[in-house]
Amino acid sequence: MHWGAPINTKETIDAVLALKTWAVVGLGNNPERAAFGVAKLLQDKGHRIIPVYPRAEVVHGETGYKTLPDIPESVDVVDCFVNSTLVGKVVDEAIAIGAKAVWLQLDVVDNEAIARAQAAGLLTVMDRCPAIEYRARA
């Protein structure tokens, strides 16, 4: 697969992991879901997490919002725990709110959405997990 810009390089992943505020789309209060554990790890690594979920639940002590545009502060990374068929809309919202990066979780793949994010100047990671990437750097 040829990309218009680097994706999933160590440098790109390191740059995204260095960003502070992560909106975690798909993060609710279900401890069985991957988003729950990954968000906790991100918190433990010093990131601020903002849950984004239709029920706008408080998760890991952080106030949740229904959608990305509802978040009243700037977001560095939009971490996408949504189905590949739905992630394009989330990526477009990430671009619209001025995020610096989008991170599509394991098995979340949308080449067109990534291309739009790159064209808008965002750092892009796809089909990876920050928890695994942190472990790889330990």
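Any read-out appearing in this document is the output of simple, stated calculations on the displayed coordinates, not a laboratory observation. What you see is a predicted model; the values in this text were computed from it and never measured. Every residue, glycine among them, receives a Cβ derived from its backbone with ideal geometry; neighbour counts consider all protein chains shown.
Structure summary
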quantity: Cα-projected label distance for residue 20 with residue 138, points at 7 Å along beta-carbon direction, nm; calculated: 2.6 nm
quantity: Relative contact order (percent, whole number), the range 10-137, Cα cutoff 8 Å, 6+ residue spacing; calculated: 23 percent
quantity: Added length on full extension, which subtracts the Cα-Cα distance from 0.36 nm per residue, residue 70 to residue 44; calculated: 6.9 nm
quantity: Calculated from backbone phi, Karplus (6.51, -1.76, 1.60) coupling profile of the range 26-31 in Hz, x at Gly/Pro; calculated: x, 8, x, 8, 9, x
quantity: Straight-distance crosslink candidates among lysines, where the alpha carbon sits under 27 Å from residue 89 and sequence neighbours closer than 8 are dropped; calculated: 10, 20, 40, 66, 100
